[in-house]
Amino acid sequence: MARKKFIRRLLDHFDAAMASLAVWFMDTWSLVERGYRRPLTRLALRLKFLFYPLLAVVALGWLGWDYSHGNSLSAAEDSVFDTIVRWRPAEPKPSGKTVVVEIDDCSLEWTRAQGVGGWPWPRSIHADLLDALDRAGVKAVGYDIQFIDRNPNDPDGDGMLDALAGGGQGRFLFASARQAAGYDAASPLHAAQVPGAFPLGPQAESPGPKIAVLLPYGDAMARYSALTNVSRGEDGILRDVPLREDSGDWGLPTLPLRIASRLQHRAPASYPASVRVNWREHTRMPYISAADLLSGERVCGDKKATPPALRGAVVLVGYTASGISDSKPTPLNSAMPGVEVWAEATDALLHNSAIWMPPTEFKYLLAALLVMLTAYAFWRGEPHEDMDAIFVAVNGLILLIAFIGLTYFGIFLDIFVTIGFVSMCFGLCRTYAALQRGRAIGNNDYREEYDPDKYPCMAMARLRFVGNPELDAFAGVRGRREYRRLLRRQLYGGGDAVMIEGIVERKSWLHEILDDLMVLVWTGTDHANVMATAKRELDLLYRNLNEGDLRLEDYGRVMVCISVAEIDDDDDSTSRGERLRLRELLGQDLNNNDESPLVASNAFIIASAHTLEFNDEPSDNEEEP
């Protein structure tokens, strides 16, 4: 029992300390908020609703500049793409008709066991491998291994390999390499002379600029060669596999492009400059070891596994053995063999499995459209509750579509960073709207607190919208919503009125009964002053409600009941009397049944206002000060 009491006292002390800390923090934070909110409010009173189109102009200007310079929206999408391909619940499977023949550790050990030696293999071994593939009935072979120089110790092997290349008549393609641009001036080759080179447009003139390319040693091998250079993103990750390298007005094809162009009978210029592979993590390309083909039996890996079908397949040959592997970092594999990269790109071209991405202009146009719609909605004075819900719903739907598109349809709508940019603009609009609303509802972080000594007289106007009973339900709801929007827009734009609204939520169970509780409050130095202010702003409200094509009088009428009283009780020693007077004035205005329609000139409403006289003697039910 004593232990429970001790714990209870400890919790009570902790609770009291937390309560004191909360009060201290909120009081301190209120001072901080007032320090920046009130200056911003003064700025908002000058700009009014001009802020929103100004923000849209600035945002559109930045989008235009970024599109023509940095393209930062595109750059930022790369990391988003990597995340989505890792998180997606399903990934596409390869076609199975593009096979990787790997020169792996097992293949090197097998050739050593045959007395041939390790790496590099004699050219005769490569010739045997190509012959085995040819006999297996493959459609085409891309050899991702460079044969730059002849082997003086194996002239027969060199001749065999080149003879196979010539006999294949383009079915066998070999690797060439683009050298650094600094070697171009001394190169004997021009762009149009590079094997497989094609004009990028009718303006291309032969022979084109000089370009340094390392070609295979044999004439036939050089004639049927393609580039195997890969360019990565700025972060070093390979996402888009290049299909060509441009040299002036000429395109130099890579292995996947030359293979696909031949098999699909398409002009190389009709393909894009690069292809984004639908990268896979759990379903790799079909692999087979080179030793299995050379030996004619399964000697590497699981001997019970069924080897991939080679008849009618397209094959990419390359090395994956440790120490000589040409690995590339991809979104899902930090060290993917280079030959598999080329195989993925080839498979994507041949079987239309590449990721489709909209042109760069799309994300900028979408951002511009969403920014303009956001600014326009806030400029109209739409309620923030509706704006928040619509913004979240629209963005959530766009993101869901993008995620589903990439997961199941190979379509990547790279608009994630675009939505982030639009969200920043939305946040600025929302913050500015909070400044306007804070002043309109009398939040003392945005405006000075009410001082009865300085402004002793107060007027309250209860506004009630009465819809036209002849209208259908939809038109009636639209009219009431437009009334609240236009009223809010006037009050948010500045003025002397303070708005008391939100006594009932829009979807409250009491909504139909209390929906007309909208009270405007004005203060002044005397009766004439406060009533003149009320008349001026009520006249302005009528004009704002009925200007333009959508006249609110066509949807209903605004009924007004106004009451005025002197709030200052001439006793500065206590605020009790002023508090009671304010409560009585509010109750009087809410309970009074006398109403008049809002018109162009509201002198009659002002003249018939109820002036309250107070009896400051405490009643039996009031506590003494």
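Once the chain from Asn71 to Ser327 is taken as fully extended at 0.36 nm per residue, the excess over their C-alpha distance is 89.3 nm.
Calculate, in nm to one decimal, what Asn593 and Trp356 gain on full extension: separation in residues at 0.36 nm each, minus their alpha carbon distance.
Gain on extension, Asn593 to Trp356, equals 78.7 nm.
If you look at the Cα atoms of the stretch 285-362, you get an Rg and a Dmax of 15.6, 54 Å.
Surface exposure of the chain, expressed per residue as accessible area with a 1.4 Å probe, stands at 51 Å².
How much length would be gained if the chain were fully extended between Asn544 and Asp451, taking 0.36 nm per residue of separation minus their Cα-Cα distance, in nm to one decimal?
Going from the current span to full extension adds 30.5 nm.
Sorting the segments 283-293, 115-125 by their mean number of nearby beta carbons within 10 angstrom, highest to lowest, gives 283-293, 115-125. FRET efficiency for the His610 to His13 pair, using the beta carbon distance and R₀ = 41 Å, is estimated at 0.20.
Identify, among Phe614, Val317, Ala459, the residue whose Cα sits farthest towards the positive end of the charge dipole of the chain, taking +1 on the Cβ of Lys and Arg and -1 on the Cβ of Asp and Glu, with the dipole about the Cα centre. Sorting the options by dipole projection puts first Val317. In the chain, the calculated helix contribution to ellipticity at 222 nm averages -15000 deg cm²/dmol per residue, counting -39,500 (n - 2.57) for every DSSP H run with n ≥ 4. Over the C-alpha atoms of the chain, the Rg to Rh ratio, Rh being the Kirkwood estimate, stands at 1.23. Protection proxy ranking, highest mean first, for peptides 45-51, 351-357: 351-357, 45-51, where packing is the per-residue count of other beta-carbon atoms within 10 Å, averaged. The Cys residues in the chain with no partner Cys Cβ within less than 4.7 Å of their Cβ are Cys425, Cys429, Cys457, Cys561. Rolling a 1.4 Å probe over the protein heavy atoms of the stretch 93-150, with every protein chain left in place, gives an accessible area that is 43 percent carbon and sulfur. Look at where the Cα atoms of the stretch 407-465 and of the stretch 142-185 average out, and the two centres are 68 Å apart.
Quick check: from the Cα gyration tensor, does the stretch 1-155 come out rounded (a/c under 1.5), prolate or oblate? Oblate shape, in that a/c is at least 1.5 and b/c is the bigger or equal ratio. Under the criterion of Cα pairs below 8 Å and six or more residues apart, the relative contact order for the chain equals 15 percent.
Taking the charge dipole of the chain about its Cα centre, with +1 at Lys and Arg Cβ atoms and -1 at Asp and Glu Cβ atoms, the residue from Gly167, Ala290, Gln490 reaching farthest to the positive side is Gly167. Taking label positions 7 Å along the Cα-Cβ direction at both Ile404 and Asp388, the computed distance is 2.7 nm, reported to one decimal. For the chain, the dipole from Cβ point charges (+1 on Lys and Arg, -1 on Asp and Glu) about the Cα centre works out to 2320 debye, to the nearest 20.
The values are calculated or read from the model by the stated rules, or taken from the named source; none is laboratory data. Owing to the predicted nature of the structure, the values given are computational and were not obtained by experimental measurement. With ideal geometry, Cβ positions are generated from the backbone for all residues, glycine too; neighbour counts draw on all protein chains shown. Ligands, DNA and RNA are stripped out before the accessible areas are found, and what is left, the full protein with its side chains, is counted by its heavy atoms. Shrake-Rupley method; radii C 1.70, N 1.55, O 1.52, S 1.80 Å.
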